[in-house]
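Since the structure comes first, as structure tokens, the remarks are kept for the end.
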Amino acid sequence: MDFSLTEEQEMFRGHIRKMLDGFGGTKIAREMIDHQPENLKKLYNTLAELGCTAINIPEEYGGLDLEALDLVPTFEELGRSLIPGLFLETAALAVPLIKKYGTKTQKEKYLSKIATGEKSISLAVLEPFHDFSPQGIQCSLESKENGYVLNGTKTLVPEGELADTFLILVRTKLEEQEDGLSLVLIDAADELTIEKQASFDEAKHVVQISFNQLEIKEGQVLGELNKGWGTFQEGLLYFNAALSSYLVGAMESVVNMATEYAKIREQFGQPIGRFQAIKHNIVDMKVNLEIARSLSYYANWVLETEEADREATIYSARFTATEKFIEAASHNIQIHGGIGFTEEIDCHLYLKRAHYYQQYLGSTAYYQEQVADSLGWLQEGGKACKKLMSHVN
Amino acid sequence: MDFSFTKKEEKFRKELRTWLENNLPEGWLKGKRDLPEDLEEYSRFLRDWQRQLYEGGWAAIAWPKKYGGRDATLMEEIIYHQEMVKVKAPPLINYIGIHMVGPTLIDIGTEEQKEKYLKKILTGEEVWCQGYSEPNAGSDLTAIKTRALKDGENWKITGQKVWTSFGHVADKCFILTRTSTHPEKKHRGITVFLVDMDQPGVETLPIVQMDGRKDFNEVYLTDATAHDSDIVGEVDNGWRVLIALMLHERTGIGAELFSLEQQFNETVELTQQYKINGQPLIKKPEIRQKLASFYARVRGSLLNYYRNLTTTIKNGHPGPESSIDKLVVSELTKELSAFALEIQGHQGVLWKESAPQDTKWQNLFLASFGQTIGGGTSEVQRNTIGERVLGLPKDMGR
């Protein structure tokens, strides 16, 4: 048994961390608040130079053809400095979907340019006043000669101004639920009505996109028509495994901030970290961090296997990371006291990012239901907590 | 990453599994797992089981071969725990002998001590208990007051021990005494003795626990005798022995985690079978969601344990992060059994023959409160993690 990242993966983490520190850590996130994306773009180029954007791209498209686990150090480090941008959406959602379901033309068009860092893909799934469910997808794609027309509105589309392409989940059959949705790829050059939205996580930009009789060609449909929900769920497994790593990285920053502050901040003549009310609080944050990290490592490993608990552990990793990150980020503010409530200190940036992701593409309750479902608890003889190590029965 | 077992490990598992199938007490595998109520019979039953383990070569697999063990690897220990939990094997009456006293003697005991005790630990002929806690020395073990006074080649031990598990059936005690006082350095002046329980100066009284069981004892010592040759390590240097002993506790938490996993599976079954208003509990979204939350925590704890175990295998010793495992498994067991009780609704308080389901849930719930206290309270564990893993400053007074 070996449950750890390899030495190479840890070494690679070291390079990324050094590079990000060179960019000033959370400075990039703060610059995004001031609408200065120049350094983020530079950083994205550096990530491409280091090969990060090519990690999971097949060799024939100029990639390194490595595993999901090889992306984990990059995701964690990006989370550590709260780097915004479309790295996750591109590498952990668009790439696996295009690899698995894309046509030859689509692969040629997107994968090579993603590998070189020239293309980023955002995703437009959520809709105003709807939830994340098949019924919540009402943007409609209707057939007409030589293609389709798209109508409707998508909300909370990440980094609209940085995206070269949008992956969009649309309704292609009105009467069906799951079996009436499809995925389409739309390049940003197409005529789109994009409106900036104000999110309290100002470092992660979101936009609303309205489609009015937008023409879509046959070749823009990704995967099988009317099977978009299932296809998207498969992509979401990759995204959630990646997201859990990103959030673990961010949580690690928060635990470090709280720990270091508790060592130097003195009240009543002693460092506050000596008080058990503070100390035990930070310990609980640390314990949750390590458990979330273990789940995230396993999620990224199990992703590329056919283990029976593949889905259940990825969903678990996802909601554990979102929930525990919120908890840790909230406690971090409290531990910092007055200064933790200021704009000047990074504490609030982490809390806001934690909330940005908590309900993004599925709430905790949603993923808990998915766990129950994927383990067959509602059927006779559900599988429950399948043994971790494959041969134990 | 690699979650597979080697061929050698698989063979080990198969060998143990076959042995268990052929040697567990009659009817055990089919679910007849009642232990005798009567203390004498209880003790005999478990000693017989230990003897059987010994004869099969399964009593102390982690010990070196030359002392009757198997030189088992950490992974083999893990497999051992998995298989024992799977069949819900009878408890090991000499747990303290096998997992604590034996390894400590092998490590720092004298040749005479090894010769005298090790084999009898394996066979169950001599059952051991440990005399650590006292009425005024719980989390702060340095506060012990039990004195050992030198009397020629002998020592006279006087004081009171409490929470001595297996004390009522034990033949020998691994006891912590104070042999000198150093107010500035409270860890100094503690000495470990190997003491006979069967002597005039030793009296044990059972403690009735909140779950009705009597697993622990108070032990009163009045001029109990020990010899110079019964000292483990050196006089006044017992704290070191304790530290060495704790390092031998390699995989015990694994066993608790596998039990927790089993309890979780059984909780899922409970929600599938237990009906309220004619509907299985699992049909309620709030029950499913809570269960899923437990699934993530149980899974996460086990995975985290495996990650720490990987570190141990690579470095040859556990890192400070391992202290996380004990805290997590005990707290989680407490919460999970409370949940299993809560979902039984108003009937959850019914116990024993009146329990709506198997009374094990009520028993588990009550017993779980001991887990976050025994073997280092959760508060002590949090101090350890805070100070040793995070480097936070120590409390005043320590």
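Looking only at region A:1-41, residues that are among the acidic types (Asp, Glu) and within 14 Å of chain B (Cβ to nearest Cβ) come to 4 in all. Among the residues of region B:385-398, the ones that are surrounded by 18 or more Cβ atoms within 10 Å (Cβ to Cβ) and either more than 7 Å from every other protein chain (Cβ to nearest Cβ) or polar (S, T, N, Q) (or both) come to 1 in all. Could you go through region A:25-33 and let me know if any residue there is closer than 19 Å to A:ALA203 by Cβ, free of Cβ contacts under 8 Å to residues at least 12 places away in the same chain and not β-branched (Val, Ile, Thr). Yes: region A:25-33 contains one or more residues that are closer than 19 Å to A:ALA203 by Cβ, free of Cβ contacts under 8 Å to residues at least 12 places away in the same chain and not β-branched (Val, Ile, Thr).
Contact map, region B:302-331: first residue closer than 20 Å to A:MET1 by Cα and within 11 Å of another protein chain (Cβ to nearest Cβ), second residue of a type in the set (Ser, Thr, Tyr) and outside any loop (DSSP other than H, G, I, E, B), Cβ cut-off under 6 Å, separation 6 or more or different chains; pairs are B:LEU303/A:SER294; B:LEU303/A:TYR298; B:ASN304/A:SER294; B:ARG307/A:SER294; B:ASN308/B:SER322; B:ASP325/B:TYR305. Within region A:147-190, the residues that satisfy the criterion of being in contact with a His (Cβ under 9 Å, 6 or more places away or on another chain) and outside any strand (DSSP E or B) are A:GLU159, A:GLY160, A:GLU161, A:LEU162.
Number of residues in region B:48-68 that are under 21 Å from the mean Cα position of the chain (by Cα) and either of a type in the set (Val, Ile, Thr) or in a helix (DSSP H, G or I) (or both): the value is 8. Cβ-Cβ contacts under 7 Å between residues 6 or more apart (or on different chains), taken from a first residue in region B:43-66 that is under 19 Å from B:GLU21 (Cα atoms) to a second residue that is among the polar types (S, T, N, Q) and surrounded by fewer than 20 Cβ atoms within 10 Å (Cβ to Cβ), are listed as B:ARG51/B:THR123; B:GLN52/B:ASN23; B:TYR54/B:THR123; B:GLY56/B:ASN23.
Of the residues making up region B:201-239, those that are assigned to a helix (DSSP H, G or I) and surrounded by fewer than 16 Cβ atoms within 10 Å (Cβ to Cβ) are B:ASP228, B:SER229. Go through the residues of region B:274-294 one by one and say whether even a single one is among the small types (Gly, Ala, Ser) and within 7 Å of chain A (Cβ to nearest Cβ). Yes.
Among the residues of region B:236-263, those identified as of a type in the set (A, V, I, L, M, F, W, C), touching a Lys or Arg at 6+ places or on another chain (Cβ under 9 Å) and under 22 Å from B:LYS88 (Cα atoms) are B:ILE253, B:PHE258.
Determine whether A:GLY223 is surrounded by 16 or more Cβ atoms within 10 Å (Cβ to Cβ), small (Gly, Ala, Ser), on the phi > 0 side of the Ramachandran plot and touching a residue at least 24 places away in the same chain (Cβ under 8 Å).
It is true that A:GLY223 is surrounded by 16 or more Cβ atoms within 10 Å (Cβ to Cβ), small (Gly, Ala, Ser), on the phi > 0 side of the Ramachandran plot and touching a residue at least 24 places away in the same chain (Cβ under 8 Å).
Close Cβ contacts (under 7 Å, 6 or more residues apart or on different chains) running from residues in region A:293-322 that are in the same structural domain as A:TYR357 (by TED's automatic domain parsing) and in contact (Cβ under 8 Å) with a residue 24 or more places away in the chain to residues that are among the β-branched types (Val, Ile, Thr) and surrounded by fewer than 24 Cβ atoms within 10 Å (Cβ to Cβ) comprise A:PHE319/A:THR364; A:THR322/A:THR364.
For region B:250-260, the criterion of being free of Cβ contacts under 8 Å to residues at least 60 places away in the same chain and more than 8 Å from chain A (Cβ to nearest Cβ) is satisfied by no residue at all. Condition check: more than 13 Å from chain B (Cβ to nearest Cβ), of a type outside the set (A, V, I, L, M) and free of Cβ contacts under 8 Å to residues at least 40 places away in the same chain. Does A:GLN276 satisfy that? Against the criterion (more than 13 Å from chain B (Cβ to nearest Cβ), of a type outside the set (A, V, I, L, M) and free of Cβ contacts under 8 Å to residues at least 40 places away in the same chain), A:GLN276 does not qualify. Only residues that are at the interface with chain B (Cβ under 8 Å from one of its Cβ atoms) and touching a residue at least 12 places away in the same chain (Cβ under 8 Å): list them for region A:256-273, please. A:THR259, A:ALA262, A:GLY273, listed by residue number.
Condition test on B:ARG382, is it facing another protein chain (nearest Cβ under 7 Å), closer than 16 Å to A:LYS286 by Cα and not β-branched (Val, Ile, Thr)?
Details: facing another protein chain (nearest Cβ under 7 Å): yes; closer than 16 Å to A:LYS286 by Cα: yes; not β-branched (Val, Ile, Thr): yes.
Spelling it out, B:ARG382 is indeed facing another protein chain (nearest Cβ under 7 Å), closer than 16 Å to A:LYS286 by Cα and not β-branched (Val, Ile, Thr).
Being surrounded by 14 or more Cβ atoms within 10 Å (Cβ to Cβ), touching a residue at least 12 places away in the same chain (Cβ under 8 Å) and closer than 28 Å to B:SER368 by Cα is a property that holds for B:LYS172. For region A:298-308, which residues satisfy the criterion of being surrounded by fewer than 24 Cβ atoms within 10 Å (Cβ to Cβ) and at the interface with chain B (Cβ under 8 Å from one of its Cβ atoms)? Across region A:298-308, the qualifying residue is only A:TRP301. A:SER316 passes every criterion in (1) within 15 Å of the chain's Cα centre (by Cα); (2) more than 14 Å from chain B (Cβ to nearest Cβ) apart from (2). The single condition among (1) within 14 Å of chain B (Cβ to nearest Cβ); (2) in a loop (DSSP other than H, G, I, E, B) that A:GLN138 does not satisfy is (1).
Once region A:42-74 is narrowed to residues that are acidic (Asp, Glu) and assigned to a loop (DSSP other than H, G, I, E, B), the residue that is surrounded by the most Cβ atoms within 10 Å (Cβ to Cβ) is A:GLU67.
Might you check whether a residue that is at positive phi and at pLDDT 95 or above occurs anywhere in region B:199-221? Checked against the condition, which is being at positive phi and at pLDDT 95 or above, region B:199-221 yields no hits at all.
When region A:76-109 is filtered for residues that are in a helix (DSSP H, G or I) and either hydrophobic (A, V, I, L, M, F, W, C) or assigned by TED's automatic domain parsing to the domain that holds A:ILE186 (or both), the ones remaining, listed by number, are A:LEU78, A:PHE87, A:LEU88, A:ALA91, A:ALA92, A:LEU93, A:ALA94, A:VAL95, A:LEU97, A:ILE98. Would you call A:LYS196 among the charged types (D, E, K, R) and either modelled with pLDDT of 95 or more or touching a Leu at 6+ places or on another chain (Cβ under 7 Å) (or both)? In short, yes.
B:GLN362 falls short on exactly one of the conditions (1) within 14 Å of chain A (Cβ to nearest Cβ); (2) over 30 Å from A:MET285 (Cβ atoms), and that condition is (1).
Only one of the numbered conditions (1) at pLDDT 95 or above; (2) charged (D, E, K, R); (3) within 21 Å of A:GLY230 (Cβ to Cβ); (4) surrounded by fewer than 24 Cβ atoms within 10 Å (Cβ to Cβ) is violated by A:LYS352, and that is (3).
Listed here are the residues, each with its yes/no results for (1) within 21 Å of A:PHE87 (Cα to Cα); (2) modelled with pLDDT under 95; (3) of a type in the set (Gly, Ala, Ser).
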| site | (1), (2), (3) |
| --- | --- |
| A:GLU290 | no, no, no |
| A:ASP309 | no, yes, no |
| A:ILE314 | yes, no, no |
| A:GLN334 | no, no, no |
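Within region B:1-32, the set of residues being within 12 Å of chain A (Cβ to nearest Cβ) and loosely packed, with under 11 Cβ neighbours inside 10 Å comprises B:LYS7 only.
Considering region B:161-200 alone, what residues qualify as being polar (S, T, N, Q) and in a loop (DSSP other than H, G, I, E, B)? Within region B:161-200, B:THR179, B:SER180, B:THR181, B:GLN199 qualify.
The values are calculated or read from the model by the stated rules, or taken from the named source; none is laboratory data. No experiment lies behind these values; they were computed from the predicted model shown. With ideal geometry, Cβ positions are generated from the backbone for all residues, glycine too; neighbour counts draw on all protein chains shown.
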